[in-house]
Amino acid sequence: MLARNWECGAICKLCDQEAEIAVHPCLQCSYAKEVWMLNIWKERNRRIFEGKSLRPVQVFDMIQDDVKLR
Ligand SMILES: [Zn+2]
C-alpha cells in the first residue's frame, strides 16, 4: 500500500487490530469478514425463505450500504 502511495497506517482502520497490509482487508480483517459473511448469509436466507435471488453486484451494493452505516 505504501509502494502505491496509498495513505495507510501501521494498523488497519477497519478492525483496529491487525497490520494494514494489502491482503489484509480481503482475507484477514475481522471487520471485513463480518461484513462479507453477514451479507452472504442474508443472501442465502433470501433465496431460501423469500424465493428471491440477487445478482452479485446487488449484494455488493448492499455491502456498501452496510459499510456506510457503520
Ligand atoms: Zn482489519
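Here are a few things to note about the model shown:
- Taking the number of Cβ atoms within 10 Å of each Cβ as an exposure proxy, the fewest-first ranking of Val67, Val59, Val23 is Val23, Val67, Val59.
- A viscosity of 1.306 mPa s and a temperature of 10 °C, combined with the Kirkwood radius over Cα pairs in Stokes-Einstein, give a translational diffusion coefficient for the chain of 117 µm²/s.
- Within segment 23-61, the trypsin sites (Lys or Arg not before Pro) that combine a DSSP coil assignment with at most 14 other C-beta atoms in a 10 angstrom radius are Lys52.
- Rounded to the nearest 10 degrees, the inclination of helix 56-69 to the longest alpha-carbon principal axis of the chain is 60 degrees.
- Between the helical axis of 30-45 and the longest alpha-carbon principal axis of the chain there is an angle of about 10 degrees.
FYI, it's all coordinate maths here, none of it is from the lab. These numbers were taken from a predicted model, which means no experiment stands behind them. Positions of Cβ are generated from backbone atoms using ideal geometry, with glycine treated the same way; all protein chains shown enter the neighbour counts.
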